[in-house]
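K.L.:
First the structure, then my questions, so here it is.
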Amino acid sequence: MNSRDKILANVRRSQPPLVAAPDIAVWEEKATAKGALLETFATVAGNVGSRVVLVDSIADLKAHLVIAPRARVLTSIPGLLDIAKNAALFANNAPHEMENVELAILQAEFGVAENSALWVTEKQMGTRVLPFICQHLALVVKSTDIVPDMHAAYLRTQGTDHGFAAFIAGPSKTADIEQSLVLGAHGPRSLSIFVLTD
C-alpha cells in the first residue's frame, strides 16, 4: 500500500456517521403573520443601508422618486415607461454602455425577511449588468411576496430555470481598506425598496 492509499484509507475510517438531511419543508410552516414579516424585512433592510418605502401602487411609487433632469433612468416595469426607458431595449448592448445609468427601477420576484435580500431574475433586469452598474437601484416587491427566510426562498425558486438571477440586499459597500466605509465600490451607491402593500 502506497502513501496515497494509506491516506485515503484513513480518511474513509474517520468519516462521521451519516445523518438524514433536515426536512426544510418545515421552515415554510413557521411563516408568521405578513405584518411581522414586513416589519422584519424593513428593519433588516434599514440596518444594511437600504431605504424601504411602502406604496399602494406603481403610480404612488412615482411620487417618491427623485430624478435629476436629463438623468438616464431604465426600468423593466411597464407602468413606469412614462418616466424611464425600457431596460429590455438595451439587453444586447455592451455592458459598458450602461455605465451612465443614474437609476434602475426593477421588479423583484420576492423578498426575504431574515436578510432583506430580493430575488431578481435576468428577465426582470432587462440586462444582466444593470442592477450592478447603475448609480442608484430601486427594487419593487409585493408585500405578499415576502418570505420568512432563505429556506423558504430556496423552496420558492425550486423548479425555476433562469439564465441568470441574483439575491440583492443593500447598496454596494466595502470597508476593506483602513476600515473606511465606501458606498458604491462594486455596485449601486443606494438601494430603495418599494413595497407594494396592495
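K.L.:
Filter the range 121-140 down to residues that are touching a Phe, Trp or Tyr at 6+ places or on another chain (Cβ under 8 Å), open to solvent by 10 Å² or more (accessible area, probe 1.4 Å) and touching a residue at least 40 places away in the same chain (Cβ under 8 Å), then give me how many there are.
P.N.:
Here the count works out to 3.
K.L.:
Sticking with this structure for a sec: Cβ contacts < 6 Å: first residue under 19 Å from ALA108 (Cα atoms), restricted to the range 62-83; second residue of a type outside the set (Gly, Ala, Ser) and open to solvent by 80 Å² or more (accessible area, probe 1.4 Å), any location; separation 6+ or different chain. Result?
P.N.:
Filtered contacts from the range 62-83: LEU74/LYS85.
K.L.:
Among the residues of the range 59-83, write down those that are assigned to a loop (DSSP other than H, G, I, E, B) and among the small types (Gly, Ala, Ser).
P.N.:
ALA63, ALA68, ALA71, SER76
K.L.:
Taking the conditions exactly as written (at negative phi and surrounded by 18 or more Cβ atoms within 10 Å (Cβ to Cβ)), does THR197 satisfy them or not?
P.N.:
No, not satisfied.
K.L.:
I'm checking my understanding of the structure. Among residues of the range 72-120 that are open to solvent by 10 Å² or more (accessible area, probe 1.4 Å) and closer than 26 Å to ASN47 by Cα, which one is nearest to the chain's Cα centre (by Cα)?
P.N.:
That would be TRP119.
K.L.:
Consider the range 41-58. How many of its residues are in a helix (DSSP H, G or I), touching a Gly at 6+ places or on another chain (Cβ under 7 Å) and farther than 12 Å from ALA117 by Cα?
P.N.:
The total comes to 1.
The values are calculated or read from the model by the stated rules, or taken from the named source; none is laboratory data. Source: prediction; values computed, not measured. Note: ideal-geometry Cβ built from the backbone for every residue, glycine included; neighbour counts use all protein chains shown. For the accessible areas, the whole protein counts, side chains as well, though only heavy atoms, and no ligand, DNA or RNA atoms are used. Shrake-Rupley method; radii C 1.70, N 1.55, O 1.52, S 1.80 Å.
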